[in-house]
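For reference, the structure discussed in these notes is given below.
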Number of protein chains: 2
Amino acid sequence: MLIGVFDSGVGGLTVLRALHRKMPGHDFLYVGDTARVPYGRKPREMVETFARGIASFLLEQGVDALVIACNTASSASLPQLADEVPVPVWGVIEPGVAAAGAVSRGGRVGIIGTVGTIRSGIYQRKLEALGLETWARACPMFVHLVEEGLAESAEAELLAHHYLDDRPELDALILGCTHYPVLRSVIQRVSGGGVHLVDSAEAISETVSVTLANCPPGSGRITHFVTGDSIAYEHTAHVIGGVDGAIVPLPVADLVALQKVAAAVSLSLRKELHS
Amino acid sequence: MLIGVFDSGVGGLTVLRALHRKMPGHDFLYVGDTARVPYGRKPREMVETFARGIASFLLEQGVDALVIACNTASSASLPQLADEVPVPVWGVIEPGVAAAGAVSRGGRVGIIGTVGTIRSGIYQRKLEALGLETWARACPMFVHLVEEGLAESAEAELLAHHYLDDRPELDALILGCTHYPVLRSVIQRVSGGGVHLVDSAEAISETVSVTLANCPPGSGRITHFVTGDSIAYEHTAHVIGGVDGAIVPLPVADLVALQKVAAAVSLSLRKELHS
């Protein structure tokens, strides 16, 4: 199988790594949209458009399945995108919700993520539909701690207390941004040992690998397409924990062209469905 | 005159605005290298290469003068770049140093900036050469506060205290990153009213406008070349205080090609000088 994985930048590499670990025989194409990172504070419609362009690109490359390794893009583009494309699509939200439901004994689940993810309310709605109580907090500075290589720093400690100290009692806390597993230590320390941290990367790789268990593997190759500078990508990817595979530049203009085609097709599809 | 101005992203817009305010009749080309932002934590050689590519691009467009509206790029590429190009080049550092020297009565000047700028030691050396005492602090999270639209926030307050509370007594504090003027209120509040904040954007626009006072103006047009996504640029530029002029996409691959030419030319120039 050729599996397409995409994220606004390097955060999704935590998901790619987890997927590759569970399914080492499959092939992966990863798109890191570093020319437009971060998605977290951008309007929902903008992020949805970006996701459509990247999905179109990956489909052109022949992927058999798509993984949206970005909470902001998942919350902005699902389930619409899944309706529009001819291959299975997974976002990071459903697996995270399921995993939190499974580990939360007292039924009190917290979610931290970008402004876009938290504002969308998607985690809250899905968790509440399972009968769970929720608490949500946008942590806009967390992603920058990770990309600056400040996961273990006084700044991380300060900001973790700022974002988490007024939480109610929780059984589980969803790390609702693919960058956050890099901050796991400080988040666990500040949340206290009794809170079970749910890592979307682990959760989605479990879901995907179970679903694709009987599919024929490929050659175990990983290719990274990067919209920003390749050297800068490699540098930041190293901060988040290394990167395997070839890095290929992907001009953002190509994605913009695909976005226009995707938007036109989706519009005509919707017209057809409504006529 | 056609004046080229460049920065890693939107921060240099504070400089562009100040220049345009003082010289409204001139034409400006601005390059915002948003595909590779931020420069502040990248290796010096990488940033120097980026600066060379952008300078080559602006020279190809026919600029009569160059302003490096980024402290990290100024510290990484000056004075080498000025030696290599056939037009006047200004960085933001010299004007900031001169302005601090002029306002500091007690001779105690602080500098805050990115990791790259502070680590280069360029401000410290230039200030100490004027007989001033210095204190320097890298504030890697400040740029993100600005780009997240969190200039007035609890996070800004927390981080300003974190970075500034252990400063010695200062007369002046150089805002050594073009993003920081957006944080002026919180920095002034935390530093105390007695500290004179030096804004590089004001300092450099003064220097450039005095030097070019007798040059023929143009048509007052501003054009923005953006390596990342244009819509995302406009969005972030709005956070920092709006943007005038047309926005034109500039593929990062074009700059990479120019960087290679510029590096080859510079190498052969150096060989010639040493032979």
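If you go through the range B:129-169 and pick out every residue that is aliphatic (A, V, I, L, M), over 20 Å from the mean Cα position of the chain (by Cα) and more than 25 Å from residue B:106 (Cβ to Cβ), you end up with 5. Quick one: in the range A:223-245, which of the residues that are within 14 Å of chain B (Cβ to nearest Cβ), outside any helix (DSSP H, G or I) and touching a helix residue (DSSP H, G or I) at 6+ places or on another chain (Cβ under 6 Å) is modelled with the highest pLDDT? Restricting to residues being within 14 Å of chain B (Cβ to nearest Cβ), outside any helix (DSSP H, G or I) and touching a helix residue (DSSP H, G or I) at 6+ places or on another chain (Cβ under 6 Å), the top hit is A:226.
Being over 20 Å from residue A:118 (Cα atoms), in contact (Cβ under 8 Å) with a residue 40 or more places away in the chain and out of contact with any Pro (no Cβ under 8 Å at 6 or more places or on another chain) is a condition met by no residue of the range A:159-180. Annotation: residue A:203 fulfils all but one of (1) surrounded by 22 or more Cβ atoms within 10 Å (Cβ to Cβ); (2) in contact (Cβ under 8 Å) with a residue 60 or more places away in the chain; (3) within 14 Å of another protein chain (Cβ to nearest Cβ); (4) not polar (S, T, N, Q); the unmet one is (3). Does residue B:220 satisfy the criteria of being at positive phi and either among the polar types (S, T, N, Q) or more than 13 Å from chain A (Cβ to nearest Cβ) (or both)? Taking the combined requirement at face value, the residue satisfies it. Restricted to the range A:95-154, and to residues there that are among the polar types (S, T, N, Q) and touching a residue at least 24 places away in the same chain (Cβ under 8 Å), the residue that is nearest to the other protein chains (Cβ to nearest Cβ) is A:114. Scanning the range A:1-12 for residues that are surrounded by fewer than 24 Cβ atoms within 10 Å (Cβ to Cβ) and in contact with a helix residue (DSSP H, G or I) (Cβ under 7 Å, 6 or more places away or on another chain) yields a total of 0.
Give the residue that is surrounded by the most Cβ atoms within 10 Å (Cβ to Cβ), with candidates limited to residues of the range A:49-84 that are in contact with a strand residue (DSSP E or B) (Cβ under 7 Å, 6 or more places away or on another chain) and within 14 Å of chain B (Cβ to nearest Cβ). Among those residues, the one meeting the criterion is A:54.
For the range A:84-100, does any single residue satisfy the condition of being acidic (Asp, Glu) and closer than 26 Å to residue A:160 by Cα? Yes, because at least one residue in the range A:84-100 is acidic (Asp, Glu) and closer than 26 Å to residue A:160 by Cα. Every residue in the range B:1-34 that is assigned to a helix (DSSP H, G or I) and among the charged types (D, E, K, R), please. Result: B:17, B:21, B:22. Residue A:15 satisfies every condition listed in (1) surrounded by 18 or more Cβ atoms within 10 Å (Cβ to Cβ); (2) over 30 Å from residue A:194 (Cα atoms); (3) of a type in the set (Val, Ile, Thr) except (2).
What's the total number of residues in the range B:42-72 that are hydrophobic (A, V, I, L, M, F, W, C) and in contact with a Gly (Cβ under 8 Å, 6 or more places away or on another chain)?
Final tally of qualifying residues: 11.
Residue A:172 meets all of the listed conditions (1) under 30 Å from residue A:51 (Cβ atoms); (2) within 14 Å of chain B (Cβ to nearest Cβ); (3) of a type outside the set (S, T, N, Q) but one, namely (2). Residue B:252: touching a residue at least 40 places away in the same chain (Cβ under 8 Å), among the aliphatic types (A, V, I, L, M) and touching a strand residue (DSSP E or B) at 6+ places or on another chain (Cβ under 8 Å), yes or no? The answer is yes for residue B:252.
Within the range A:248-275, if we keep just the residues that are away from chain B (no Cβ under 13 Å), at pLDDT 70 or above and surrounded by fewer than 17 Cβ atoms within 10 Å (Cβ to Cβ), the residue that is nearest to residue B:258 (Cα to Cα) turns out to be A:261.
The values are calculated or read from the model by the stated rules, or taken from the named source; none is laboratory data. Quick caveat, the model's predicted, so the values are computed rather than measured. Using ideal geometry, Cβ is built from the backbone for each residue, glycine included, and neighbour counts are taken over all protein chains shown.
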